[in-house]
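In what follows, a single structure is set out as structure tokens and then discussed.
The values are calculated or read from the model by the stated rules, or taken from the named source; none is laboratory data. Remember, it's a predicted structure, so these values are computed and weren't measured experimentally. Because the Cβ atoms are built from the backbone with ideal geometry, glycine has one as well, and the counts that use them run over all protein chains shown. These area figures cover heavy atoms from the full protein model, side chains too; ligands, DNA and RNA do not enter into them. Shrake-Rupley method; radii C 1.70, N 1.55, O 1.52, S 1.80 Å.
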Amino acid sequence: FALVASANSISPERKEYVHEGYTVTYCATQNTEYSSTVEVTIQNTGNSTIKGWAVEYMSADTIDNIWNADVYCITDDGYPIINCTTYNLDIKPNESVSFGYAIDTNTFAPDDIKLSQLRMEKEYGFDVNFFVIFSWLFINT
């Protein structure tokens, strides 16, 4: 009986996901018998900037103490969508961003991690609504 690792598996705690225009690396470091720290790096391998990034993946882990990103939502299936913060919105070509979090379990890397966004330019066929919530009144004297 032989165990063959997939081409993108680096080790049980570290895995690389190669997609068109970007690569995601997942690395889990065991802190204790019952918890780990996860670091995820998104590398832009394409020719254009990835704007306002978000990633999604299937994970049963409970995310605690996230840094350099925010949990945008948990899907109906219970999986996280994690997105950028205001200071790391864009990933320029040949650059990367990393974020991390703690988990209270020691599970294996997800089967896939992918960008959760679709961008398109649209010049017509949509409406824009603008609501002013608060307005400052400036008086020149």
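Checking TYR87, TYR101 one by one, the residue that is more than 20 Å from ARG14 (Cβ to Cβ) and of a type outside the set (Gly, Ala, Ser) is TYR87 and no other. For the stretch 83-114, a residue qualifies if it is surrounded by 12 or more Cβ atoms within 10 Å (Cβ to Cβ) and without any contact (Cβ under 8 Å) to a residue 40 or more places away in the chain, and the qualifying residues are ASN83, CYS84, THR85, ASN88, LEU89.
Count of the stretch 81-98 residues, restricted to those that are among the acidic types (Asp, Glu) and either farther than 20 Å from CYS27 by Cβ or not in a loop (DSSP other than H, G, I, E, B) (or both), is 1. Applying the condition of being modelled with pLDDT of 90 or more and under 19 Å from THR25 (Cβ atoms) to the stretch 57-80 and asking which residue is least open to solvent (accessible area, probe 1.4 Å) yields ALA69.
Residues of the stretch 57-80 being part of a strand (DSSP E or B) and within 19 Å of HIS19 (Cα to Cα), which ones? Within the stretch 57-80, TYR57 is the sole residue that qualifies.
Only residues that are among the aromatic types (Phe, Trp, Tyr) and under 16 Å from ASN44 (Cβ atoms) were counted in the stretch 69-100, giving 1. For the stretch 12-56, the set of residues classified as under 20 Å from TYR72 (Cα atoms), open to solvent by 20 Å² or more (accessible area, probe 1.4 Å) and part of a loop (DSSP other than H, G, I, E, B) consists of GLY52 only.
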